[in-house]
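Report on the following structure.
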Amino acid sequence: MSEYERSRTMPALPEHVFDQAGEVGRLESWMPAELHVRAEELPAVTVHEDTTGQDEPALFRARPEQLRLEWGTRESGSYAGWLQVAGIGSGASEVTVHLSFFDERHDPGAEHVLSALEESLERLEEQVRLRVDDGG
């Protein structure tokens, strides 16, 4: 099993960050570009990965009361992840994203995963900034 985690501070209230991150229709605005999420009957989703051309049945759950998102594969059990938003005062938030690969064959490697996590957090921060700058 491999686990990866990255955090980033964002200049917005935790509820604003969570709202931006947690809407299924906006996931592609911040997730890695090679992943595409299609909502079914939530929590069921299908994730398409461009690099493999495969569709993977998955789950996606938003827990607004905890400011937490959780996801993972439905059938293969190959990976799971979560995103947690926490207020850190002065209208700022810390966002942590965590991935666990239970099947080493599905782990693309530390360098790729950590880079993708950093890029995803940067993209989420940009989306949050755009939303905050546009007045919510």
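See the values below:
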| quantity | calculated |
| --- | --- |
| Close pairs (8 angstrom Cβ cut-off, 6 or more residues apart or separate chains): within 13 Å of Ala21 (Cβ to Cβ) in segment 84-96, surrounded by 16 or more Cβ atoms within 10 Å (Cβ to Cβ) and hydroxyl-bearing (Ser, Thr, Tyr) anywhere | Gln84/Thr96; Val85/Ser93; Ala86/Ser93; Ala86/Thr96 |
| Residues (touching a helix residue (DSSP H, G or I) at 6+ places or on another chain (Cβ under 9 Å) and modelled with pLDDT of 95 or more) located in segment 100-125 | Arg123, Leu124, Glu125 |
| Identity of the residue in segment 117-136, among the hydrophobic types (A, V, I, L, M, F, W, C) and open to solvent by less than 20 Å² (accessible area, probe 1.4 Å), that ends up farthest from Thr51 (Cα to Cα) | Val128 |
| Hits in segment 72-84 - residues which are under 15 Å from Asp55 (Cβ atoms), open to solvent by 50 Å² or more (accessible area, probe 1.4 Å) and either part of a strand (DSSP E or B) or not small (Gly, Ala, Ser) (or both) | Arg74, Glu75, Tyr79 |
| Within segment 1-31, considering residues that are of a type outside the set (Lys, Arg) and touching an Asp or Glu at 6+ places or on another chain (Cβ under 7 Å), the one most open to solvent (accessible area, probe 1.4 Å) | Thr9 |
| Segment 41-64: number of residues that are surrounded by 14 or more Cβ atoms within 10 Å (Cβ to Cβ) and assigned to a loop (DSSP other than H, G, I, E, B) | 1 |
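The values are calculated or read from the model by the stated rules, or taken from the named source; none is laboratory data. Model, not experiment: these values are computed from the prediction. All Cβ positions, even for glycine, are placed from backbone atoms using ideal geometry, and neighbour counts span all protein chains on display. Heavy atoms of the whole protein, side chains included, go into the accessibility calculation; ligands, DNA and RNA do not. Shrake-Rupley method; radii C 1.70, N 1.55, O 1.52, S 1.80 Å.
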